[in-house]
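In what follows, a structure is listed as structure tokens, so that the remarks can point back to it.
Read the figures in this text as sums done on the coordinates, not as results from a lab. None of these values were measured; they are calculated from a predicted model. Cβ coordinates were reconstructed from backbone atoms using ideal geometry, including for glycine residues, and neighbour counts include every protein chain displayed.
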Amino acid sequence: MGLKINIDDIENDFSDVERYYDEGNVTFELSLPDTDESVLFPFPFPVGKKQIPDKNTSKVFIFKNKHFRANDLIEFRVDNKIAIKDDGLIGYFFNIQLLLQESGLETFEQAKYSIIYALTGIEVILENKSNSVSLSPKTVNQKDILNLDISYLYDEDVIILVIDKNLLKNPDEFNIDQYLCGLYKYGFYLLTAHETEINYNQLDIIENDFNRARKQKFPRIEASSYSIDFHYYRVLLHQLIIQKSEFMTSFITLYQVIELLKDNVLHNEMKALKVYKTGHEMKQKIEGLSDTVPLTKKLFGSDYSKLNQQIVEDLTKDLIAFFDEINTSAKKETDITHLIGDLKGILDKHQGHPKSKGRKSLHDDILNKLKLEEKTNRESFAKLFNQFRNTIVHNYSKVIQEGVDDKLLNDIQMRFEYLIIELIRTYHIKPAKT
């Protein structure tokens, strides 16, 4: 397959790629098989001949990241269980613009051998061999052939990740999908199409993570749970994050991740059930496990996931704000009716009983009742989240009727996406207590 160039409205496959070296300068020649037609692609920076490997063992992945600067050069480090080097380094991220800047050479020289990653990465892109580059380059028009450079092959804001398979203990087993959720934490998103606009990483938490990592030596990227079918999740997340779909559609589809993981939690909890003496005891335990809120609470707990506390707190605040907005007069009347009934019960309890040390005052009981109502509705994120899910699925017309603020819905959607990513990345099974 090879770089495709459009000549006179005919797409030509320049699949023959040769690398030439002349006094520090590297040039790639792309030839059309069985013809004399060829195209030259000069590498922009000088390279020492001894630095160039005899065999190209690089793989290339194409990302976007709105927080990534043109002059950033960032290591890609993973767990040293799969990396040969102790520091876990297996590759580098760099912006496509770095290859077009005169100062780009200075940036590459700051990290030993990084310019070789850029060189071998370009070669992989030009050869466009199957399984070596995650997104094939664009078809190039004839008018651009004489001044062909990297900017014609990809969007100008893409991030190129080049990894060296020689730095992996088992290169054939490496799967970038396992690291996509870890990379999401820092704003990286793997592309599967050209000219892609993404909107998913506007959260402050993502920008703060990336800036903190930029100032330090970039941390190892954690692999996500191996208990998950990543083929499904990769397709799901790509479609949802990239598409500007209706809020309800996006939420319901993302929520399927929770449904699937809840099934895993239930299966694990059922395996750990102890032997009960009576069928009634067993029935009670199973019914407790099958309820949505307890299962969701378990999924969000430390036995099964490690959710970022900030995203939980931020999402909780957003959900509370959401319910404040849809609390219409009709709903408030229903709530008030229930509250009046509860308060009447308190009044009946106090009727004929004088205040004493052993009994709280009527004022205290009513106040505690009001506080309990608020605490019950807001203390449990799992319960609050389930209430939100029920509203979206069963009563979405209420959201439209009340004109819930679009910014609030957008914030909820992005934070929910982040939470789903965290679940996929950190999901684990801790043996349930019997």
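Where does each of 66-76, 402-412 land if you order them by average Cβ count within 10 Å, highest first? Could you put the intermediate results ahead of the total?
Values: 66-76: 18.2, 402-412: 14.5.
Going from most to least packed, we get 66-76, 402-412.
Which order, highest average first, do 181-189, 387-395 follow once you tally other Cβ atoms within 10 Å for each residue and take the mean per peptide?
181-189, 387-395
Quote the FRET efficiency, to the nearest 0.05, computed for ASP172 versus HIS280 with a Förster distance R0 of 41 Å and r equal to the Cβ-Cβ distance.
So the FRET efficiency works out to roughly 0.15.
Roughly what would the spin-label model give for ASN264 and TYR396, points 7 Å off Cα along C-beta, in nm?
Inter-label distance under the simple model: 2.7 nm.
Can you tell me the length gained on complete extension of the stretch SER302 to LEU40, counting 0.36 nm per residue apart and subtracting the Cα distance? Intermediate results must be reported in sequence, preceding the final value.
On the way: separation 262, 0.36 × 262 = 94.32 nm, distance 5.60 nm.
Once the chain is fully extended between SER302 and LEU40, it gains 88.7 nm.
Using amide H atoms built in the peptide plane, which far-off residues or other-chain residues are under 5 Å from LEU3 H to H?
Amide H to amide H, under 5 Å and 5 or more residues apart or across chains, LEU3 pairs with PHE14.
Give me the number: length gained by fully extending GLU18 to LYS129, i.e. 0.36 nm times residue separation minus the C-alpha to C-alpha distance, one decimal in nm.
Additional length available on full extension: 38.6 nm.
Taking θ as phi - 60°, what are the ³J(HN,Hα) couplings along region 182-192 by the Karplus curve (6.51, -1.76, 1.60), each to the nearest whole Hz, with x for Gly and Pro?
x, 6, 4, 3, 9, x, 7, 9, 6, 8, 10
For the pairs LYS55/LYS112; LYS64/LYS112; LYS66/LYS297; LYS50/LYS215, note any where the Cα-Cα span goes beyond 22 Å.
LYS64/LYS112; LYS66/LYS297; LYS50/LYS215
Karplus couplings for region 103-116 from phi (6.51 cos²θ - 1.76 cosθ + 1.60, θ = phi - 60°), rounded to Hz, Gly and Pro as x?
Using θ = phi - 60°, the values come out as 7, x, 4, 4, 5, 5, 5, 6, 10, 4, 6, 5, 5, 5 Hz.
For region 184-227 and region 1-31, write down the distance between their C-alpha centroids in whole Å.
Between the Cα centre of region 184-227 and that of region 1-31, the gap is 33 Å.
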